[in-house]
Each structure stands twice: as structure tokens, then as C-alpha cells.
Amino acid sequence: MTQRPPLSRERLQGLVRSLGGEDAFKDLMRQFYRAMAHDLMIGFFFDGKDPDSVADKQSLFVLHSAGLIQSPPEHGPATAHRHLAPILKGHFDRRMRILEEVLLNARVSAADIDTWVGFEESFRKVVESRS
Ligand code: HEM
């Protein structure tokens, strides 16, 4: 898939609002990270880590990108993964598949899934090449 441009703050704010607000969004993010941590292909990245805590940092990252909170997490996607095994295209593809499955299961609308997936996709290059 081609690299997509970053999404506007307004679109991210609309996503969080449409999902039911910050708490509902954080809850979905935890479901997403729990599913990744249990996955046969990419679960090993989360060995020894608390998926809820990693999910909460990712939520901070998105909420900060949306302009909804002031403080970002300590690391962004360009530096957060340097100490991990290399994140390859297949790992990233699998992450996106799991995200879609979790959101479909939670009956999230196609438009919101597209926005969330689009946000993640815009970091593909930085995550795949900097890890
Ligand atoms: C297959 C793809 C990915 C994998 C396997 C992955 C895995 C991880 C893991 C295991 C951590 C925890 C590191 C630690 O605490 O030691 C982490 C942290 C993080 N990741 Fe990812 N990640 C992926 C993609 C992404 C993407 C696409 C983004 C951004 C859109 C992102 C943003 C972050 C952030 C913000 C943190 C927390 C930084 C902090 O500690 O302050 N990751 N990731």
C-alpha cells in the first residue's frame, strides 16, 4: 500500500468523538493491543510488556496528534521501537488486519475504520524503517 499523508487534527478529533469520546477510544485501543499481544505472528513483540500500558501510550499519541491533550508520550513511532526486533512489512500488515478485525467486531463504522487505518498507515514508513 502506498504511504498516505498524515490526517488532519479535525479528522482525528471527529474519529474520537464518533467512537464515543476519549474513554471509549482508549478502551478500543486496549482491545486492539490485547489482540496483538495474543497474535501468533506479532505477539512476541509484546513479550514481558503490559499490552494495556502500551495501548494507553498509543492512545496518548493519537489524542495528542488530534490536539485533544497537551502532553505526548515520551516516544513517538520513530523512536519507540528501536530496542525491539525489526518491524517488517508483514508485521505491519498483520497489525493493520488485526485493527480492522477488532474495529469490525466492535461494530465501528466503515468511515471510522478508514480514518483509524489511514492514521496508522501514515506511519508505516517510519515504523518499518526505523526499527
Ligand atoms: C507492527 C507494528 C508495531 C509493533 C509490533 C509495535 C510494537 C510496540 C511495542 C512492543 C511497544 C512497547 C515498547 C516498550 O514499552 O518497550 C510500542 C510502543 C509504542 N508504539 Fe508501537 N508498534 C507498532 C506500530 C506502531 C505505530 C504504527 C505507531 C504510531 C502510529 C506506534 C506508536 C507507538 C508509541 C507511541 C509507543 C509508546 C512510546 C512510549 O513508550 O512512550 N507503534 N510499540
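Couple of notes before you dig in:
- Under 12 Å from the H64 label point (7 Å along Cα→beta-carbon), backbone N, segment 13-57: 57
- Model label points for E101 and E128, set 7 angstrom from Cα along the Cα-to-Cβ axis, are 2.1 nm apart.
- If you plug the beta carbon distance of A110 and S53 into 1/(1 + (r/R0)^6) with R0 = 25 Å, you get a FRET efficiency near 0.25.
- Entry note, segment 9-130: relative contact order of 32 percent, from Cα contacts under 8 Å with a spacing of 6+ residues.
- Within straight-line reach of K26, meaning a Cα separation under 19 Å, sit the following lysines at least 8 residues removed in sequence or on another chain: K49, K57.
- About its Cα centre, the dipole of segment 12-73 is roughly 140 debye, where the only charges are +1 on Lys and Arg Cβ and -1 on Asp and Glu Cβ.
- What you get for the chain, charging only the Cβ of Lys and Arg (+1) and of Asp and Glu (-1), is a dipole of about 340 debye around the Cα centre.
- Here segment 9-130 is treated as a sphere whose radius is the Kirkwood value from Cα pairs; by Stokes-Einstein at 10 °C and 1.306 mPa s it diffuses with a coefficient of 108 µm²/s.
- Peptides 22-35, 67-80 ordered by packing proxy, namely the average of other Cβ atoms within 10 Å per residue, highest first: 22-35, 67-80.
The numbers here are math on the coordinates, done by the rules we state, and not lab data. Note that this is a predicted model, so its numbers are computed, not measured. Glycine gets a Cβ as well: all are built from the backbone with ideal geometry, and neighbour counts include every protein chain shown.
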